[in-house]
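Working notes for the structure below.
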Amino acid sequence: MAQPIRTFVADSLRVRVYSTQDQLVQDVAREVLGFVQQTLLAQERATAILATGNSQIRFLEQLVQLGGVDWSRIALFHMDEYLGLPADHPASFRHYLRQRVARLVQPKVFHYLEGDALLPIKECERYAQLLRAQPIDLCCLGIGENGHLAFNDPSVADFQDNRSVKIVKLDDACKRQQVGEGYFPNLESVPSYALTLTIPALCSARKMICIVPEKRKAEAVKAALQGPIHPACPASILRRQANCLLFLDAESASLL
C-alpha cells in the first residue's frame with residue numbers, strides 16, 4: 001500500500017505528498033473508493049463531480065479498475081466545458097468523460113454540461129438547478145498551471161460568487177495549458193469562452209479530493225499553499241476547506 005512521504009496541514013487544508021505519481025494514484029483511488037462505499041452504506045445514492053485534464057487520467061483509470069462500487073447508484077456531474085464545442089470533439093470534456101468513465105462503469109446518470117447549447121445562459125441555469133437538486137457528496141478536482149479550479153482563471157475567479165455555473169473567458173495561460181496537454185494544435189484553436197462551475201459550487205461538496213501531480217504544477221501549488229488566499233491564485237481557497245484533501249507527488253511539491 002502506498003504511503004505518503006510527507007503530510008502537513010496548510011491552514012485548514014490537509015496535504016499528502018508521495019514519492020511518485022504511481023503511488024499518489026494508488027492511494028487517491030483507494031481514498032475515493034472508500035469514501036464512496038461508506039456513502040452508499042449510509043444512503044441510497046451518491047453524487048459526485050469529476051474533473052478532466054491530463055492530471056486526472058491515471059486516477060480515473062485506477063478508480064475504474066479497482067471495482068467495488070455500485071455505479072448504478074451514483075449520479076455524476078462534471079465541472080466545465082468549452083463554449084460552442086460539440087460533444088464529439090476530441091477536446092470536449094463530455095467526450096473525455098464518456099470514454100474514460102461513463103461507457104466503462106455505466107453510472108445511474110451522468111449530467112453533462114452542454115457547451116454547444118443554443119442558449120448557453122439557459123444551459124448554465126439548467127445545470128445549476130440540477131446541482132441544487134441534491135447534496136453533492138464528492139468533488140474530485142485538480143489545479144491548473146495558472147492556479148485555476150475548473151475554468152475559474154484568476155481573471156474571473158470569485159470566492160463569493162452567488163452563481164453555481166457561469167460563462168467565462170479563458171486567459172492565455174489557461175489556453176496554453178490546453179495546447180501543452182495536446183488537446184488543441186495551437187493557441188488560436190482553443191475556444192475563447194467556457195462554461196464552468198463556480199468556486200462556491202465546487203467547494204459545496206461534502207468531501208473534496210484534489211489531485212495534482214507533475215512538475216508543471218509546482219509553481220501553482222506553491223502559490224496556492226504559501227501565497228495569499230486571493231483570486232490571483234484561485235486554488236488558494238482550498239486552504240479554507242477542511243473538507244478537502246490535496247494529493248501531490250514529489251514533482252508538484254518540489255517548490256514547497
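The values are calculated or read from the model by the stated rules, or taken from the named source; none is laboratory data. These figures come from a predicted structure and were not determined experimentally. Every residue, glycine among them, receives a Cβ derived from its backbone with ideal geometry; neighbour counts consider all protein chains shown. The area values use the complete protein model at the heavy-atom level, side chains included, leaving out ligands, DNA and RNA. Shrake-Rupley method; radii C 1.70, N 1.55, O 1.52, S 1.80 Å.
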- Message: Return the residues of the stretch 1-10 that are more than 21 Å from the chain's Cα centre (by Cα) and either in contact (Cβ under 8 Å) with a residue 24 or more places away in the chain or under 13 Å from Val221 (Cβ atoms) (or both); say none if nothing qualifies.
- Response: Met1, Ala2, Gln3, Ile5, Arg6, Phe8
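When residues of the stretch 47-65 are filtered for being of a type in the set (A, V, I, L, M, F, W, C) and part of a helix (DSSP H, G or I), how many remain? Reasoning before the result, please.
Residues of the stretch 47-65 of a type in the set (A, V, I, L, M, F, W, C): 48-51, 57, 59-60, 63-64.
If we keep only those that are part of a helix (DSSP H, G or I) too, we end up with 57, 59-60, 63-64.
Looking only at that region, the number is 5.
Tell me, yes or no, whether the stretch 66-79 has at least one residue that is in a loop (DSSP other than H, G, I, E, B), of a type in the set (A, V, I, L, M, F, W, C), over 18 Å from Val32 (Cα atoms) and open to solvent by less than 60 Å² (accessible area, probe 1.4 Å). Show your work before the answer.
Filtering the stretch 66-79 down to residues in a loop (DSSP other than H, G, I, E, B) leaves 67-70, 79.
Right, trim to of a type in the set (A, V, I, L, M, F, W, C) and you get 69, 79.
Right, trim to over 18 Å from Val32 (Cα atoms) and you get none.
Checked against the condition, which is being in a loop (DSSP other than H, G, I, E, B), of a type in the set (A, V, I, L, M, F, W, C), over 18 Å from Val32 (Cα atoms) and open to solvent by less than 60 Å² (accessible area, probe 1.4 Å), the stretch 66-79 yields no hits at all.
Condition check ((1) within 19 Å of the chain's Cα centre (by Cα); (2) open to solvent by 40 Å² or more (accessible area, probe 1.4 Å); (3) closer than 19 Å to Ile143 by Cα; (4) β-branched (Val, Ile, Thr)) across all residues:
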residue	(1), (2), (3), (4)
Glu31	yes, yes, yes, no
Leu40	no, no, no, no
Leu50	yes, no, yes, no
Pro86	no, yes, no, no
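Somewhere in the stretch 93-116, is a residue without any contact (Cβ under 8 Å) to a residue 24 or more places away in the chain and in a loop (DSSP other than H, G, I, E, B)? Explain how you work it out, then say what you get.
Keep residues of the stretch 93-116 that are without any contact (Cβ under 8 Å) to a residue 24 or more places away in the chain, which gives 94-95, 98-99, 103.
Checking the rest, the ones that are also in a loop (DSSP other than H, G, I, E, B) come to none.
No, there is no match, as no residue in the stretch 93-116 is without any contact (Cβ under 8 Å) to a residue 24 or more places away in the chain and in a loop (DSSP other than H, G, I, E, B).
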- Note on the structure: In the stretch 122-157, residues that are polar (S, T, N, Q) and in contact with a strand residue (DSSP E or B) (Cβ under 9 Å, 6 or more places away or on another chain) total 3
- Which one of the conditions (1) modelled with pLDDT of 95 or more; (2) farther than 19 Å from Cys210 by Cα; (3) not basic (Lys, Arg) does Val69 fail to meet, given that it meets all the rest? (1)
- Task: Could you give me the residue pairs with C-beta distances under 6 Å whose first residue belongs to the stretch 23-46 and is assigned to a helix (DSSP H, G or I), whose second residue is open to solvent by 70 Å² or more (accessible area, probe 1.4 Å) and among the charged types (D, E, K, R) wherever it lies, and which are 6+ apart or on separate chains?
- Result: Val25/Arg58
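For the stretch 151-160, how many residues are open to solvent by less than 20 Å² (accessible area, probe 1.4 Å) and touching a helix residue (DSSP H, G or I) at 6+ places or on another chain (Cβ under 6 Å)?
Adding up the residues that qualify gives 3.
Would you mind finding the one in Leu187, Leu170, Leu131 that is on the phi < 0 side of the Ramachandran plot, in contact with a Phe, Trp or Tyr (Cβ under 7 Å, 6 or more places away or on another chain) and without any contact (Cβ under 8 Å) to a residue 40 or more places away in the chain?
Details: Leu187 fails: in contact with a Phe, Trp or Tyr (Cβ under 7 Å, 6 or more places away or on another chain); Leu131 fails: without any contact (Cβ under 8 Å) to a residue 40 or more places away in the chain.
Just one listed residue meets the conditions, Leu170.
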- Message: Looking at the stretch 9-29 only, could you name the residues that are at negative phi and open to solvent by 50 Å² or more (accessible area, probe 1.4 Å)?
- Response: Val9, Ser12, Arg14, Arg16, Ser19, Thr20, Asp22, Gln23, Gln26
- Query: Picking from Tyr183, Tyr193, which residue would you name as being farther than 19 Å from Gln56 by Cβ and surrounded by fewer than 22 Cβ atoms within 10 Å (Cβ to Cβ)?
  - Reply: Tyr193
- Task: State the number of residues belonging to the stretch 54-65 that are surrounded by fewer than 17 Cβ atoms within 10 Å (Cβ to Cβ) and over 14 Å from the mean Cα position of the chain (by Cα).
- Result: 3
